[in-house]
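What follows is one structure encoded as structure tokens, with my remarks underneath.
We did not get these values from a lab; they are worked out from the coordinates using the rules stated. Model, not experiment: these values are computed from the prediction. Don't worry about glycine lacking a Cβ; one is built from the backbone with ideal geometry, like all the others, and counts go over all protein chains shown.
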Amino acid sequence: MTQAKNERFERRFGGLRRLYGVNGAQRIFNAHVVVVGIGGVGSWAVEALARSGVRRLTLIDLDHVSESNINRQIHALEPTLGQAKAEAMRDRIALFHPDCVVDVIDDFVTPDNWPALLLGAPGLDGLPSAVIDACDQVRAKTTLASWAIAHSVPFITVGAAGGKQLAHAVDVADLSEVTHDPLLAQLRYRLRKHHGGARTGRMGVGCVFSRETVAPPDASCNTEDVDGSLNCHGYGSVVSVTAAFGFCAAGWVMNNLAKDAQAFLKGSSKGPEKEAII
């Protein structure tokens with residue numbers, strides 16, 4: 001970075017060092033985080049990561065912005081209607097964090113294309129620092145979770161935000177401890193049945209979920225087209241909940257990125273490095 005860019009970065013994101021420490025914040029800044037699903041949850045997770053100075057993001061989604069997204073997705077605006085969600089998010093990030101490298105993969109994750117979909121992306125050098133799964137398809141979630149476990153990639157998945165009203169009921173826990181979430185219950189079942197997931201104790205999969213019981217569509221609404229799935233198309237949704245899910249996922253990633261540096265410093269007689277902190 002040039003001196004001017006360094007100073008701009010410091011003005012915008014330097015506050016993270018006062019929260020996480022010099023080395024902890026640096027790990028966040030240097031991270032490459034992959035977010036799968038750039039919708040009502042994923043768009044907010046991406047926003048939080050970019051506004052925290054993360055320098056590289058890979059966004060994976062094949063969907064496009066529609067009017068029905070406006071109530072809960074941060075990139076859904078009048079000018080972005082019809083635009084690819086991942087591209088709309090990339091353009092948004094450029095407005096406040098122009099030095100962030102944002103790679104866009106216009107596709108959906110499937111058991112057949114993962115991890116080639118990610119590992120074949122231009123410029124990828126090794127494994128990412130972390131992966132956030134914000135998609136609503138259980139087969140994709142199972143694929144992502146089993147891969148992350150096998151490769152020791154920090155990973156967090158989000159449950160169903162549709163049919164939830166209470167932002168303060170959102171929680172983060174290991175998959176073995178999740179309740180009130182049929183989507184994550186399916187993920188837990190599939191990991192145990194097909195991928196050797198632990199049947200007792202922790203499973204090693206971080207989850208964002210709500211302990212609130214799913215509220216079915218109100219009887220006064222036309223529900224003839226409701227497909228019974230747990231995404232936000234079939235159930236009602238509110239931004240206070242979907243954003244809370246996304247912020248929790250991003251916060252989990254940042255805390256885990258910084259934690260390793262903090263643990264290292266506690267065990268070291270040396271103080272944090274003062275050079276090259278941008």
_Let me test this: with uniform point scatterers at the alpha carbons of the range 44-129, what is the Debye-based log₁₀ I(q)/I(0) at q = 0.17, 0.21, 0.22 1/Å?_
-0.74, -1.06, -1.13
_P(r) of the range 81-143 over all Cα-Cα pairs, binned every 5 Å from zero, in whole percent_ = 3, 14, 20, 25, 22, 11, 4, 0
*Distance (nanometres) between label positions extended 7 Å along Cα→Cβ at residue 195 and residue 152*: 1.8
*Area projected by the alpha carbon convex hull of the range 92-235, averaged over all directions, nm²*: 11.2
_Projected area averaged over orientations for the range 125-183, convex hull of C-alpha atoms, nm²_ = 4.8
*Once phi is turned into θ = phi - 60°, what whole-Hz ³J(HN,Hα) does the Karplus curve with 6.51, -1.76 and 1.60 give for every residue of the range 161-175, x standing for Gly and Pro?*
8, x, x, 10, 10, 9, 5, 6, 8, 6, 9, 10, 7, 5, 4
*Under a plain spin-label model, where a point goes 7 Å from the Cα along Cα-to-Cβ, how far apart in nm are residue 12 and residue 30?*
2.1
*Which distance in nm do the two modelled labels at residue 214 and residue 63 give, with both placed 7 Å along the Cα-to-Cβ direction?*
1.6
*asked:* Let me spell out the model: positive unit charges on the Cβ of Lys and Arg, negative unit charges on the Cβ of Asp and Glu, origin at the Cα centre of the chain. What dipole size does that give, in debye rounded to 20?
replied: 1320
*Give me the angle, in degrees from 0 to 90, between the Cα long axis of helix 3-13 and the longest principal axis of the Cα atoms of the chain, rounded to the nearest 10.*
50
_For the chain: span of alpha carbons on each principal axis (Å, largest first)_ = 61, 49, 37
*Cα centroid separation - the range 145-204 against the range 77-102, whole Å*: 29
_Residues of the range 244-260 with the amide nitrogen closer than 15 Å to a label point 7 Å from the Cα of residue 19, along Cα-to-Cβ, please._
244, 246-259
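Roughly what % antiparallel, to the nearest 5, for the DSSP beta bridges in the chain? Display every interim value, and only then the final one.
Values: 6 of 26 bridges.
Around 25 percent antiparallel, to the nearest 5.
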*What number, in percent, do you get for the relative contact order of the range 26-116 if the mean sequence gap of Cα pairs under 8 Å and at least 6 apart is divided by its residue count?*
32
*Determine, at each q value in 0.08, 0.18 (inverse angstroms), the log₁₀ of I(q)/I(0) that the Debye formula gives when each Cα of the range 19-178 is one equal point scatterer.*
-0.23, -1.22
